[in-house]
Amino acid sequence: MDGRNRAAAGGSRARGRDETVDGLRFRVWSTALSGGRTSVLLHGVGMSHRSYRDLHGVLAASGAVHSIDLPGFAGLPAPRGDVSVERMADALAAVIASLTDAPVILVGHSMGAQWALEVARRRPAAVAGLALIGPVADDRHRTLRAQGAALTRDGFREPPRVNARVFADYLRSRKRWFLAQVGCMLAYPTEERLVDAAAPVLLVRGGRDPIAGDAWLARLAGRAHRASVVVVPGHGHHVERTAPEAVAQAILEHLVVGAGSRRP
């Protein structure tokens, strides 16, 4: 699919609507096609559905796709008080249930991988497969300083257009809310919670990603019941933006066709 067709599938045909659950306001951008497996895309902390603009379009060629803006990001109002990964997951599960009755492929990037994983743990019947892209936070580097340093390094490895979009999304986030969610991110034991996920898991990283490294993904794969690992060479943490075709192909091969039966 060329760039213009991707933009059409992920942009002009997508329809946005707001939904509030448990006092948390979400915005859902949908490209609803009949047939195929439904995919739900969750952005990372400080980001928006624009993280998936191209990936949304590529996946839309194979089924319905829903990209979700989370509370306090993408210009949405920030909730009062902290919201744990668990509470966010419960609200997300309700939003997903309003979109389809069938199990979905749940895709999460960075902290979005934590929200996706927790939905799968708490609502296993709702999730047919999990795609965790650049998952956080590495248990051997789980401090604000270490994560900040890795994020800075990644900035030098991303194309200028990606850095510009990331920075624009950060500016739309509420500072207090952003920092609170980062705290939740650092407190969430991804490697421990992955043990409880029944769905097949696909772990994806860019080959130059300093945030989600090879050793971290190997440890995660060792915790999952059914896992595949895909590395996209030459790309950084935002591989979902810079290599959408490769990421979509991995999702379709490992979670739709292969059903996650491969081991890394």
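The values are calculated or read from the model by the stated rules, or taken from the named source; none is laboratory data. All values derive from a computational prediction rather than experimental measurement. Counting neighbours? That spans all protein chains shown, and the Cβs are built from the backbone with ideal geometry, glycine included. Remember, those area values only see protein heavy atoms, side chains included, never the ligands or the DNA or RNA. Shrake-Rupley method; radii C 1.70, N 1.55, O 1.52, S 1.80 Å.
Applying the condition of being closer than 17 Å to SER48 by Cα and modelled with pLDDT under 95 to the range 77-88 and asking which residue is least open to solvent (accessible area, probe 1.4 Å) yields PRO79. For first residues located in the range 143-163 and free of Cβ contacts under 8 Å to residues at least 24 places away in the same chain and under 24 Å from GLN181 (Cα atoms), partners that are open to solvent by 40 Å² or more (accessible area, probe 1.4 Å) and not hydrophobic (A, V, I, L, M, F, W, C) and lie 6+ apart or on another chain with Cβ distances below 7 Å form the pairs GLY155/ASN163.
Over 17 Å from HIS141 (Cβ atoms), modelled with pLDDT of 95 or more and either assigned to a helix (DSSP H, G or I) or open to solvent by 10 Å² or more (accessible area, probe 1.4 Å) (or both): does that describe ALA218? When the stated conditions are applied, ALA218 does not pass them. Do we have any residue at all in the range 89-98 that's open to solvent by 40 Å² or more (accessible area, probe 1.4 Å), touching a helix residue (DSSP H, G or I) at 6+ places or on another chain (Cβ under 9 Å) and either within 25 Å of GLY148 (Cα to Cα) or of a type in the set (Val, Ile, Thr) (or both)? No, there is no match, as no residue in the range 89-98 is open to solvent by 40 Å² or more (accessible area, probe 1.4 Å), touching a helix residue (DSSP H, G or I) at 6+ places or on another chain (Cβ under 9 Å) and either within 25 Å of GLY148 (Cα to Cα) or of a type in the set (Val, Ile, Thr) (or both). For GLY155, are the conditions met, namely being of a type outside the set (Ser, Thr, Tyr), under 26 Å from GLY234 (Cα atoms) and open to solvent by 10 Å² or more (accessible area, probe 1.4 Å)? Answer is yes for this residue. Quick one: count up the residues across the range 118-138 that are closer than 16 Å to ALA212 by Cα and touching a strand residue (DSSP E or B) at 6+ places or on another chain (Cβ under 8 Å). Looking only at that region, the number is 5.
Filter the range 99-116 down to residues that are open to solvent by less than 40 Å² (accessible area, probe 1.4 Å) and not in a helix (DSSP H, G or I) and give me whichever is farthest from TYR170 (Cα to Cα). Checked the range 99-116; the qualifying residue farthest from TYR170 (Cα to Cα) is THR100.
Each residue in the range 130-150 was checked for being of a type outside the set (A, V, I, L, M, F, W, C) and open to solvent by less than 50 Å² (accessible area, probe 1.4 Å), and 5 of them qualify.
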